[in-house]
Amino acid sequence: MTIHRTLLTISALVIAAAVFSSCSKEPLNQGGTAPTISYKISIVSGNNQNSLVDAPFPQPLRVFVTDENGVKQGAVRVQFEIIDGNARLSASDVATDAQGYAEVTLTPTTLPGDIRVRAKVYGSTAEVNFFEVGK
């Protein structure tokens with residue numbers, strides 16, 4: 001009875017491992033690992049704006065993410081972070097849509113001045129900086 005249960009448990013683990021390994025979004029290379037994608041990120045809109053304190057900037061901070069071949073990349077995590085200045089973001093972690101775009105709104109808070117926001121592809125060195133002014 002114990003041997004039978006052990007064999008059933010091992011069989012279930014083997015099946016589960018096979019199912020999980022086939023769920024990878026990326027095809028495996030010859031070494032059995034998922035290939036690394038080199039991302040590129042570019043600013044679409046929202047750079048070099050001015051806004052009054054506590055009023056959102058007129059345009060969202062919008063980026064476009066592609067792979068190294070220029071193919072748009074959906075469902076890629078983009079992290080937005082205020083590097084300098086006093087402001088608040090509508091979100092700090094956004095996934096690109098099916099067309100490769102991600103965006104947040106930015107509102108200057110408390111004190112007027114220069115604001116810098118970095119948008120970075122999660123797990124990548126690809127990043128851009130937005131420069132804004134709160135008045």
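The values are calculated or read from the model by the stated rules, or taken from the named source; none is laboratory data. Since the model is a prediction, treat every value here as computed from it, not as a measurement. Cβ atoms come from the backbone with ideal geometry, glycine included; neighbour counts cover every protein chain shown.
Restricted to region 47-72, and to residues that are of a type outside the set (V, I, T) and in contact with a Ser or Thr (Cβ under 6 Å, 6 or more places away or on another chain), which residue is surrounded by the most Cβ atoms within 10 Å (Cβ to Cβ)? Among residues in region 47-72 that are of a type outside the set (V, I, T) and in contact with a Ser or Thr (Cβ under 6 Å, 6 or more places away or on another chain), the one surrounded by the most Cβ atoms within 10 Å (Cβ to Cβ) is F57.
Tell me, please, whether a residue that is modelled with pLDDT under 95 and of a type outside the set (G, A, S) can be found in region 93-108. Within region 93-108 (the criterion being modelled with pLDDT under 95 and of a type outside the set (G, A, S)), the answer is no, since none of the residues qualifies. Taking the criterion of being surrounded by 19 or more Cβ atoms within 10 Å (Cβ to Cβ) and outside any loop (DSSP other than H, G, I, E, B), the residues of region 33-46 that qualify are Y39, I41.
Contact map, region 49-76: residues that are without any contact (Cβ under 8 Å) to a residue 24 or more places away in the chain paired with residues that are exposed (fewer than 12 other Cβ atoms within 10 Å of the Cβ) and among the basic types (K, R), Cβ distance under 9 Å, separation 6+ or inter-chain. Pairs shown: A75/K25. Inside region 110-121, residues that are modelled with pLDDT of 95 or more and either surrounded by fewer than 19 Cβ atoms within 10 Å (Cβ to Cβ) or at positive phi (or both) make up a count of 4.
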